[in-house]
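For reference, the structure discussed in these notes is given below.
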Amino acid sequence: MYKSLLLALLAGTVSFSALAAEQMTVYKSQYCGCCKTWIKHMEENGFEVKVVETEQLDPIKQQYGITPQLASCHTGVVNGYVVEGHVPAADVQKLLKEKPAIRGLTIPGMPQSAPGMDIPGQPYQVLSISDEGATRVWSSYSG
């Protein structure tokens, strides 16, 4: 594996920046265990996560345009996008690759089968949030 990666680097088909982990800041309560599990999910999928523990999450959510209807237990910020709640790493990776003109992604509430909750069976949707605050289905999961 390392030999093929080195050859790709030398051939110029892979850049060093592509190997760097995406940096994300996550604002969460120190008392929330599912947030810790979601952060682990993100780190296992290539994200470098800086955690800011605070009990004052409402001002952060307001700063990033997260209304109460879109809110969850933690708020992440990566490359100018907001990631609210237990959004799967694959959706965040797709967001960063496609770079759509949106505010970010959310999973309102805390669906039990989302990453970090890990109790199968509850279907859920990841929503995109436009700069104006409108939502659309970004992806759907059967749970």
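Which value, to two decimals, describes the C-alpha radius of gyration of the range 96-143 once divided by 2.2 N^0.38 Å?
Numbers: Rg = 11.8 Å, N = 48, 2.2 N^0.38 = 9.6 Å.
Working it through for the range 96-143, the quotient is 1.24.
What longest region of the chain stays clear of GluC sites (Glu not before Pro) that DSSP places outside H, G, I, E and B and that have at most 10 other Cβ atoms within 10 Å?
Numbers: sites that count: E55, E132.
Of all site-free stretches, the longest is 56-131.
Select from T25, S139, I107 the residue farthest towards the positive end of the dipole of the chain; place +1 on Cβ of Lys and Arg, -1 on Cβ of Asp and Glu, and compute about the Cα centre.
S139
For the range 22-143, what is the convex hull volume of the alpha-carbon atoms per residue, in Å³? Don't skip to the end; give the middle numbers.
Details: hull volume 11.0 nm³, N = 122.
Convex hull volume per residue, Cα atoms: 90 Å³.
Between 0 and 90 degrees, rounded to the nearest ten: what's the tilt of helix 2-11 against the longest Cα principal axis of the chain?
Approximately 80 degrees, to the nearest ten.
I'd like the orientation of helix 33-44 relative to the chain: the angle between its Cα long axis and the longest Cα principal axis, in ° from 0 to 90, rounded to 10.
Rounded to the nearest ten degrees, it is 20.
If you roll a 1.4 Å probe over the heavy atoms of the protein chains, what accessible area per residue do you get for the range 55-109, in Å²?
Values: 2420 Å² over 55 residues.
For the range 55-109, the per-residue accessible area is 44 Å².
Determine the calculated [θ] at 222 nm for the chain from helices alone, applying -39500 (n - 2.57) to every DSSP H run no shorter than 4 residues and normalising by the residue count; nearest 500 deg cm²/dmol.
Working: 5 runs with 43 residues, N = 143.
Per the formula, -8500 deg cm²/dmol.
Restricting attention to the chain, give the cysteines that have no other cysteine Cβ less than 4.7 angstrom from their Cβ.
Isolated Cys, the chain: C34, C73.
May I ask for the angle, rounded to the nearest 10°, between helix 89-98 and the longest principal axis of the chain, with both axes built from Cα atoms and the value confined to 0 to 90°?
Roughly 70 degrees between the two axes.
The values are calculated or read from the model by the stated rules, or taken from the named source; none is laboratory data. Just so it is clear, the structure is predicted and the values come from calculations on it, not from any experiment. Glycine also receives a Cβ, built like all others from the backbone with ideal geometry; neighbour counts cover every protein chain displayed. Note: areas computed on protein heavy atoms with side chains; ligands, DNA, RNA excluded. Shrake-Rupley method; radii C 1.70, N 1.55, O 1.52, S 1.80 Å.
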